[in-house]
Amino acid sequence: QVQLVESGGGLVQTGGSLRLSCAASGSIFRLNVMGWYRQVPGKQREWVASITTGGNTNYADSVKGRFAISRDNAKNTVYLQMNSLKSEDTAVYYCNAKVVVAPAFRESDYWGQGTQVTVSS
């Protein structure tokens, strides 16, 4: 019904930058909160940042001041600009969206497939 497709991951050196994108498509009536999570092997998936439809943002303390989340509602796309990257930012990054789906008009959680971000020293 709804697909989230991420792009923009890759390999970057410490202190570098990357920009992740996540485009939503399908039977979308409304995209509510969108966000980014990350996961390293052997650890639980952790929340990184989120943004409301109106543009209100929240960040995990570990990325505050370095990452910036934004969205383009016309394109059903959320972005994560990652600056001053550290080795501990290495993880698979997942896009999440709370979507009201037609024709049921109920909010459900959707996830992207994940994109690898590797920060090398």
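The values are calculated or read from the model by the stated rules, or taken from the named source; none is laboratory data. Here the structure is a predicted model, which is why all the values come from computation and not from measurement. All accessible areas refer to the heavy atoms of the entire protein, side chains included, with ligands and DNA or RNA removed. Shrake-Rupley method; radii C 1.70, N 1.55, O 1.52, S 1.80 Å.
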Margin query: Just want to confirm a number: the relative contact order over the chain, from Cα pairs under 8 angstrom separated by 6+ residues, in percent.
Written below: 36 percent
Item checked: Contour excess over end-to-end distance, with Cα ends at residue 113 and residue 58 and 0.36 nm allotted per residue -> 17.6 nm
Next item on the list: Compute the separation of the alpha-carbon centres of segment 25-45 and segment 83-121 and state it in Å as a whole number.
Entry: 4 Å
Check: Roughly how many Å² of residue 86 are accessible to a 1.4 Å probe, to the nearest 10?
Finding: 80 Å²
Note to self: Rounded, prolate or oblate for the chain? Axes are the square roots of the Cα gyration tensor eigenvalues, ordered a ≥ b ≥ c, and the cut-off for rounded is a/c under 1.5.
What the structure shows: prolate
Next item on the list: Classify segment 57-121 as rounded, prolate or oblate, taking a ≥ b ≥ c as the square roots of the eigenvalues of its Cα gyration tensor: rounded when a/c is under 1.5, otherwise prolate if a/b is larger than b/c and oblate if not.
Entry: prolate
